[in-house]
Structures are given as structure tokens and as C-alpha cells.
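Q: Shown below is the structure under consideration.
The values are calculated or read from the model by the stated rules, or taken from the named source; none is laboratory data. Small disclaimer: the values here were computed from a predicted structure and weren't measured. To get the accessible areas, we keep the full protein, side chains included, count just its heavy atoms, and leave off ligands, DNA and RNA. Shrake-Rupley method; radii C 1.70, N 1.55, O 1.52, S 1.80 Å.
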Amino acid sequence: MGVLIAVDGVDASGKQTQTELLKSHLERERAVRLVSFPAYESRSSELVKMYLNGDFGKNPEDVNAYAASVFFAADRYATFKSDWGRDYAGGKIIIADRYVSSNMIHQAGKIDDPEGKEKFLEWLHDLEYNKLGLPKPDITIFLDMPPEYGARLMRGRANKITGRDDRDIHESNAGYLKRSYDNALFAAKNRGWHIIPCVKNGAVRSIEDIHGEIYKTVTDMPFFADKAGL
């Protein structure tokens, strides 16, 4: 099997930029595949698109955490079985721009009760990794971008579904983004993710500085040399 590296965070935390940089750096040494979720170009993401476009309700809470998670999980399963699973089985390094951790960040944030939140996280872990058989990441990197900084970076950014300068039901709801961030910190500590701070001393770190820490974190892990054959 290959290596699976998941990079996650709240909206505007730089996931796409950092996963692309990591791929560019690592592929000098080994075959690398970058995958992104939701897989908007695939038919498997249709329910995700409907949800984010507000077809099931204009507020994220209109669809409960369990139901919404199934939309995203099914998209991951379909692309794994039909596409990137072959590369993973063949020994490639797979870098995922969002993964199961994204459901843990965004959907568990809908649950206020700590006991209920933990119950949901366990259910989701069992659904995606055990029931659906998705591979577990060798490492999950969480890009810690506080929402007040992320909101500034999000201005003028095109919607990934429509290509227009509008917002999906997650991005347009400031309260939901704040709850997702608070929940993300809980999940990161609860699940043992590696937290990379994107802000230091009141300023957003440079792209290169964040990338350097991510690259060092990944390549310093004991599994990396063993599984990547380096």
C-alpha cells in the first residue's frame, strides 16, 4: 500500500495551495497523486452539491450531521473504488485535500453536546473506515486558520461549485464557520491530528513558511521512510 496524507482545515485555510505545494515537493522523490474532496467533477458529488447549494435547506443545520456526512462519505467511496484506490494500492503517495476529517470538522460542529459529539465522531469513524472500507490516513494535518483571518482571505474567492463570486451554505454563514472552527480544534486534539498554526503574532504566516512546517512534519514521521520506500 501507499502513503495517505490528509490535509484539512476550515474554509480559506489554504488547503488547496498547501496540498499542491506538498505534491510538488514530494514528487521529486516518489510518485504522488493529489485528490480533492468533494470531487466536484465527478457524478458522485451530486448530493454534496445539492446540499451546499441549499437544495435541502438554506442553513447547514437544515440537514443533520449524520445525513450530510453520508453525502460526503459516498463521494469519497465512489472515487476511491473507481479511481484513486488503484494508485494507493500500487504504492503511490496520496495527498488528500480534505478527507474524512472534513466531515468531523464541519458536521460534528452541528452537535453542541460533548457526549453527542463524541458519539457522532465514533459513528463517522466506523462508517467511513470500517463500513465503507476507506483507507485511514497515515497522518492528518490540520491547518489552524482562525475564522476572522479566513474571512478576509475568502473575500473575492470564486465558489468552487458555480465558479461565481457567491458562497455556499457553509461559507455564507459566519456563525456556522465559527462553530466549525471551534469544533475543529476539539476534533484535532481528540483524534490526534498534527496542528499547523497559520497565524503567528497576529499575522498570517507566509505560504512558504507553512509549507516548510508541513513538509518537515510529514517527512519526519517514522512511517514515511518505511512506507514511501525512501
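Q: Rounded to whole Å and sorted largest first, list the principal axis extents of the Cα atoms in region 54-143.
A: Dimensions of region 54-143 along the principal axes of its Cα atoms: 41, 29, 27 Å.
Q: For region 1-59, treating each Cα as an identical point scatterer without solvent, what Debye log10 I(q)/I(0) comes out at q = 0.26 1/Å?
A: Here the Debye-derived log intensity ratios amount to -1.12.
Q: Still on this structure, I have one more. Whole-Hz ³J(HN,Hα) for each residue in region 40-47, computed from phi via Karplus 6.51 cos²θ - 1.76 cosθ + 1.60 with θ = phi - 60°, x for glycine and proline: what do you get?
A: 4, 7, 9, 4, 5, 9, 4, 5
Q: For the chain, compute the orientation-averaged projected area of the C-alpha convex hull (one quarter of its surface), in nm².
A: Working: hull surface 48.0 nm².
Dividing the Cα hull surface by four gives the mean projection, 12.0 nm².
Q: Taking only pairs that are 8 or more places apart or on different chains, how many Lys pairs in region 1-151 have Cα atoms under 21 angstrom apart?
A: 19
Q: On to the next question. So in the chain, what percent of DSSP beta bridges are antiparallel if you round to the nearest 5? Write down the numbers at each step before the final one.
A: Details: 2 of 21 bridges.
In the chain, DSSP labels about 10 percent of beta bridges as antiparallel.
Q: Quick one: how many Å² of K216 are accessible to a 1.4 Å probe, rounded to 10?
A: Probe radius 1.4 Å; accessible area of K216 about 120 Å².
Q: Still on this model: Quick check of the Kirkwood formula: for region 46-102, what is the inverse mean of 1/r over all pairs of different Cα atoms, in Å?
A: Averaging 1/r across every pair of different Cα atoms and inverting gives 12.7 Å.
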